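Remarks on the structure that follows.
The values are calculated or read from the model by the stated rules, or taken from the named source; none is laboratory data. Owing to the predicted nature of the structure, the values given are computational and were not obtained by experimental measurement. No Cβ is skipped: glycine too gets one built from the backbone with ideal geometry, and neighbour counts run over all protein chains shown.
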Amino acid sequence: MNAAMAGGTARRLLAQNVRVLRLTRGWSQEALAEAAELDRSYVGDIEQARRNVSLDSLERLAGAFDLTLLDLLREPDPTELGAQLLRRISGDINGP
C-alpha cells in the first residue's frame, strides 16, 4: 500500500476537497446531497472523514461537481484554491 494512502489520508483529502468544492460553489450540505443523490447526513460524514466512501458515492459526488473521480481526489493547488475563494468572497460582497 502506498504510504500516502495509509491511515485515512485519502479519506481526509476527500473530506477536504468535498467541503472546499461545496463552499466555493456556495452550496449547503443539503444542496450537495440533493445534487449527488445522497443523504445530507452522509455528506456531513464524508466532510468529517467519518465515512469510507464507496466508488458509487464517489462517482455521484464527482458528477455533482462536474468533475472526474481523479479531480475529486487530487491534491488541491493552493494558488487556484485561493483564487476560487477570493472569487466566492467577492461575489458574496458584491452580490449577484
*Determine, yes or no, whether R25 is of a type outside the set (A, V, I, L, M) and either free of Cβ contacts under 8 Å to residues at least 24 places away in the same chain or over 17 Å from R74 (Cα atoms) (or both).*
yes
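Check S28, S41 and return the single one that is modelled with pLDDT of 95 or more, more than 20 Å from L67 (Cβ to Cβ) and not acidic (D, E).
Being modelled with pLDDT of 95 or more, more than 20 Å from L67 (Cβ to Cβ) and not acidic (D, E) holds for just one of S28, S41, which is S41.
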*asked:* For region 71-94, check the following and say yes or no: at least one residue is at pLDDT 90 or above, crowded, with 17+ Cβ neighbours inside 10 Å and not in a helix (DSSP H, G or I).
replied: no
*Would you tally the residues in region 44-66 being modelled with pLDDT under 95 and touching an Asp or Glu at 6+ places or on another chain (Cβ under 7 Å)?*
1
